Every structure is written in C-alpha cells, then in structure tokens.
Amino acid sequence: MEAIRIENLSKRYKDVLAVDNLNLTIEQGELFSLLGVNGAGKTTTIKMLSCLTRPTGGDAFLNGKSICKESHLVKKIIAVSPQETAVAPGLTVRENLELMCGVYEVPKDKQKEEVAKLMHLLGLESVSHRKAGKLSGGWQRRLSIAMALVSRPEILFLDEPTLGLDVLARSELWELIRTLKGKITIIMTTHYMQEAQALSDRIAIMKEGRLLICDTAENIKKSARTDDFEQAFINIIKGVAK
Amino acid sequence: MRMMTFAKRNVKEILRDPLNLLFGLGFPLVIIFLLTAIQANVPVALFEIKHLTPGITVFGLSFMTLFSATIIAKDRGSSLLQRLYTTPMNSVDFIMGYTVPIIPIAVCQCIICYVAAIILGLKVTIGILYAVLFIIPVCLLYVVLGLLCGSLFTDKQVGGICGALLTNLSAWLSGIWFDLNLVGGVFKKISYALPFVHAVDMERAVLAEDFAGAAEHLWWVLGYSIVLLTLAVMAFLRQMKRQ
C-alpha cells in the first residue's frame, strides 16, 4: 500500500527551480532516502511534503491526504526531525517531550506513560533531567527524533539526521532508525552514501531539482556499472551512468 | 491545550534565564530604592514614592518587551519553530502562546514593586489594587511590541533595539525621571504622541483613584496596543509563511 504519492511536484523560488516536476511513490513502512549534492532539492521536497512550504506546481498525497488542500490533516499524521536540532534549549529532556505531547494533545493521563516509553526507546533516561541546550549533539539528535515520535506519526521525515555527529553517535542513531524501520514510513535525506546504503529500502538521487534515479542501492550500483555505491552516485550525478 | 502547553514552555524559558530575573525584577527594585534614598536627602516631588512607583512599574515593562522579543527571535533562529509549524498548532496558538504568559509575569513584577514601595512608605490604599489591574493593558502594549520586534528582527538585533533603544525611549519619553513640562516644546509633543507617558500618567492617576483623569490616557494605551497588535500579528504571520 502506498504511503506517499508525489505527482508532478514543483517548487520555484523566483528564478530558481528548486524541485522540477517530481513524481514518486513510496510504500508504507518503507525507509526511503533522498540523496543529492547541495541544492539538489532534497530539503525543499521534504519541506513541501511536510507542509512547511507550498508547491508551485503539482501535488502530493500522504496516506491519501493532499498537501495542498488538506494540510491540516496531513500535519496530524506526519512528524519532522529538521536538519538542525530542533529542541527547546531551556527545557529538560522530559519537558521537551511533554511539550510535544501537549502540542499533539496527548491526553494528560497518558502523557507520563508516553514520555517514559519514548525515553526508554531512545535511551534518554539517563539525561531526562538535563536541559536540552546543555546536551551533546548526539543526545540532542536523539531527543529531536524522540520529539518527532511523540505523535506516533504514520510518516516520519528525517532531514540529515546524523549530520555533524561523530562515528559512535552516528552508529547509535543508525541502530535507532533500524528499530523504527517497517513500523512507520520514513523519508530521510542524507549526504552520507554509506548511511543511505545501510539503512534504505530504496534511494532516490536528485540533481538540480530533478529525479535522476530511484531504486534499491544494489540496482543503482548495477545501473552505474560499479560495485561501490559512492562511485555509483558520482557516476549518476556526473551523467556517466547510462 | 496546545496554546497553554506552548505558553508554559515560554514561561519556563524566560524564568530560567537568571539575567531575565536580574533585569526584570532586580533593576526596577534597585531604582525604587536608589531614587527613594536620593529623595530622602534631596526632596524632589517627582521622586516621591507615590509618583515614582507607577513610573517604575511601567518602565519595568520594557523588559517584558525584551523577554518576549528575545524568545520569539531565538525560536525563529532555531529549527524549533519550523518543527512546530509542521504540527497541528495554528497561528492563534503561536501568537497567544507568546503573549499570554508574559502578562502574569508582568503583574507579579508590578506587585513586587508596590510591596517594595509600601516598605519604603507608600500609603496602603485601594488605589494600589487598581494600579495593578490597570497595568494589564499597559503590559499588553509592551508585549505586542515584543511580538512585533521578535517577528521582524534577529535575536542579536532584538538585544540592541529592545534592550537599549526601547528601554531608553520608554525612560526618556515617559516623564518618569523628569517633568516633561521642564523640557516642553517638540520634546513634550513627541512624548505625548507616544504611549509611554500616557501609561505612566494613567498609572499615577489610578493610584490616586482619579479615574476620570486616567480614562483619557487609557484610550491612548489601548489605541496603541490595538495598532501594534495588528502590525505584530501581520509581521508574525509573514515570517511564519516565509519559514
């Protein structure tokens, strides 16, 4: 069953065509990665799908709901973990999660249980009383993802989830993302080839707002006639692959 | 529930910053004590506690503008607002969530100033209660000014504009520190075209239980509040759309 259907989606900023006539279908429970160099249109695509910016052309349907005409319904089934860590710095870890519970109107009597569950899932118990602004980048990312999961979203957008993290923190976050895989539909943007290859069911490569290829990592490598995924990405971006 | 949750978060963020407590509460108290001490040695009618306290309670509100503008500008600079824009929160939740929580903080600030003034010799009258009640529309004026500045400027700019410019404007053009009649001319005209002196005159009149005298100034305060609120909402919605 399809979770996301993107139809001729475009976004133009004055003279720049950030996303050009994008067509895609993403299945429920799939972990789908968007790859591309800077300015490829990955973040703009996520911003349109998460109703942060309106498309200038086309539409997308998230579990059947239009981002153009039913954004209020779309917002109820999605969650976003933005590129920069989006936490309230003066609140503790627990309070940040309680904030999101309130924003999604989780009933008061269920909030405690929900927060406890998420802290356990994300391993945040040891820092639950620390202020979010004082946490390391890795912990802040974990918290940021936990905050996105409060609403039990059907579709989760992860924009560069491991950007700027050290190897250990990144590997821990991969483990976390793996635990979510299959349970909810995840759309992730990343600059790390290894990350996309290790985690994704399918990968889309974008350049200058256009979709160049969308397939599994193995098939992308085959198309680019190389065993190395990074080389496959370079070949596709440079137009070497046929 | 969404608005209240967001408002609660904003209160926590404001009150947990020790600098906010220092300036928001400490500074007005220091001025009351200092000017009362000066008045005790060199009597000046303007610095008599019954004249001084209403002025200080209004001046203290300029810090509420700073708090309100800073938290909005900081949120805009981080990704937190972007995250919240993808939730079911709507523009009313955001605007109310930023403005409503400052009002009880301002009322508390006003009460503390009056308690200090009573300790320093202010006569306890029902006028004090009215003065605390009438501080609410004045507070609204300062908070919407914060919403406007926070929606237009970055957190660094807000520090300069609200922290330095507005507190000075609010101080010089309000008749708290000197009688505007002594300067007169254009300075006085400009002062009376702005809301700050009206807020102070209204509070002084209310404290003296002169409601007829307060009414004229109240309309100035409310008029400015409504105009600024309209501008602030427009500016906030514009930046919301941009983000």
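The values are calculated or read from the model by the stated rules, or taken from the named source; none is laboratory data. The structure displayed is predicted, hence computed values, not measured ones. No Cβ is skipped: glycine too gets one built from the backbone with ideal geometry, and neighbour counts run over all protein chains shown. Note: areas computed on protein heavy atoms with side chains; ligands, DNA, RNA excluded. Shrake-Rupley method; radii C 1.70, N 1.55, O 1.52, S 1.80 Å.
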| task | Quick one: count up the residues across the range A:161-192 that are more than 13 Å from the chain's Cα centre (by Cα), assigned to a loop (DSSP other than H, G, I, E, B) and farther than 15 Å from A:Ile203 by Cβ. | result | 5
| Name the residues in the range A:30-66 that are of a type in the set (A, V, I, L, M) and farther than 15 Å from A:Leu158 by Cα, would you? | A:Val37, A:Ala40, A:Ala60, A:Leu62
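Quick one: count up the residues across the range A:1-56 that are among the basic types (Lys, Arg) and under 17 Å from A:Ile203 (Cα atoms).
Total meeting the criteria: 2.
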| Of everything in the range B:201-243 that's among the aliphatic types (A, V, I, L, M) and under 30 Å from A:Ile46 (Cα atoms), which residue is farthest from the chain's Cα centre (by Cα)? | B:Met240
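Among the residues of the range A:61-73, which ones are buried (at least 24 other Cβ atoms within 10 Å of the Cβ) and in contact (Cβ under 8 Å) with a residue 24 or more places away in the chain?
Within the range A:61-73, the subset buried (at least 24 other Cβ atoms within 10 Å of the Cβ) is A:62, A:67.
Listed by number, the list holds a single entry, A:Leu62.
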| task | Out of A:Val115, A:Val103, report the one residue that is crowded, with 21+ Cβ neighbours inside 10 Å and either of a type in the set (Asp, Glu) or more than 9 Å from chain B (Cβ to nearest Cβ) (or both). | result | A:Val115
| query | Can A:Gly123 be described as touching a Lys or Arg at 6+ places or on another chain (Cβ under 8 Å), among the small types (Gly, Ala, Ser) and away from every other protein chain (no Cβ under 12 Å)? | reply | yes
| said: Residues that are within 14 Å of another protein chain (Cβ to nearest Cβ): list the helices (runs of 4 or more DSSP H) wholly contained in the range B:1-68 that include at least 3 such residues. | reply: B:2-15, B:18-21
| query | Going by the conditions given, is B:Val183 out of contact with any Phe, Trp or Tyr (no Cβ under 6 Å at 6 or more places or on another chain) and at pLDDT 95 or above? | reply | no
| Which numbered condition B:Leu180 misses (of (1) open to solvent by less than 60 Å² (accessible area, probe 1.4 Å); (2) more than 26 Å from B:His51 (Cβ to Cβ); (3) out of contact with any Cys (no Cβ under 6 Å at 6 or more places or on another chain); (4) not basic (Lys, Arg)) | (2)
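Can you tell me how many residues in the range A:75-91 are within 9 Å of chain B (Cβ to nearest Cβ), open to solvent by less than 20 Å² (accessible area, probe 1.4 Å) and not in a loop (DSSP other than H, G, I, E, B)? Quick ask: steps written out before the conclusion?
At the first step, the residues of the range A:75-91 found to be within 9 Å of chain B (Cβ to nearest Cβ) are A:75-76, A:78-91.
Filter once more, keeping what is open to solvent by less than 20 Å² (accessible area, probe 1.4 Å): A:78-82, A:86-88, A:90-91.
Now narrow it down to the ones that are not in a loop (DSSP other than H, G, I, E, B): A:78-81.
Within the range A:75-91, residues that are within 9 Å of chain B (Cβ to nearest Cβ), open to solvent by less than 20 Å² (accessible area, probe 1.4 Å) and not in a loop (DSSP other than H, G, I, E, B) number 4.
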| Hey, A:Ala116 assigned to a helix (DSSP H, G or I), under 19 Å from B:Pro88 (Cβ atoms) and among the small types (Gly, Ala, Ser) or not | no
| field | Within the range B:75-133, helices (runs of 4 or more DSSP H) holding 2 or more residues that are open to solvent by 10 Å² or more (accessible area, probe 1.4 Å) and of a type outside the set (Phe, Trp, Tyr) | value | B:91-99, B:102-119
| Looking at A:Arg178, is it open to solvent by 40 Å² or more (accessible area, probe 1.4 Å), without any contact (Cβ under 8 Å) to a residue 24 or more places away in the chain and more than 14 Å from chain B (Cβ to nearest Cβ)? | yes
| task | Pairs only if they're at least six apart or on different chains, beta carbon under 6 angstrom, first in the range A:1-29 and surrounded by fewer than 16 Cβ atoms within 10 Å (Cβ to Cβ), second of a type in the set (Lys, Arg); list them, first residue then second. | result | A:Thr25/A:Arg5
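Free of Cβ contacts under 8 Å to residues at least 60 places away in the same chain, open to solvent by 60 Å² or more (accessible area, probe 1.4 Å), closer than 21 Å to B:Glu216 by Cβ and in a helix (DSSP H, G or I) - does that describe any residue in the range B:134-149? Full working, then the answer.
We begin by selecting, within the range B:134-149, every residue free of Cβ contacts under 8 Å to residues at least 60 places away in the same chain; these are B:136.
Among the residues that remain, those that are also open to solvent by 60 Å² or more (accessible area, probe 1.4 Å) are: B:136.
Filter again for closer than 21 Å to B:Glu216 by Cβ, leaving B:136.
Right, trim to in a helix (DSSP H, G or I) and you get B:136.
Scanning the range B:134-149, I find at least one residue that is free of Cβ contacts under 8 Å to residues at least 60 places away in the same chain, open to solvent by 60 Å² or more (accessible area, probe 1.4 Å), closer than 21 Å to B:Glu216 by Cβ and in a helix (DSSP H, G or I), so the answer is yes.
What do you reckon, is A:Ile46 under 14 Å from the mean Cα position of the chain (by Cα), surrounded by 20 or more Cβ atoms within 10 Å (Cβ to Cβ) and in a helix (DSSP H, G or I)?
Numbers: under 14 Å from the mean Cα position of the chain (by Cα): yes; surrounded by 20 or more Cβ atoms within 10 Å (Cβ to Cβ): yes; in a helix (DSSP H, G or I): yes.
Answer is yes for this residue.
Can you pull out every residue in the range A:181-222 that is free of Cβ contacts under 8 Å to residues at least 12 places away in the same chain and surrounded by fewer than 19 Cβ atoms within 10 Å (Cβ to Cβ)? Reasoning before the result, please.
Pass one, the range A:181-222, residues free of Cβ contacts under 8 Å to residues at least 12 places away in the same chain: A:218-219, A:221-222.
Listed by number, the residues that qualify are A:Glu218, A:Asn219, A:Lys222.
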| query | Considering the range A:129-160 alone, what residues qualify as being within 18 Å of A:Ile4 (Cβ to Cβ), at pLDDT below 90 and not in a strand (DSSP E or B)? | reply | A:Ala148, A:Ser151, A:Arg152
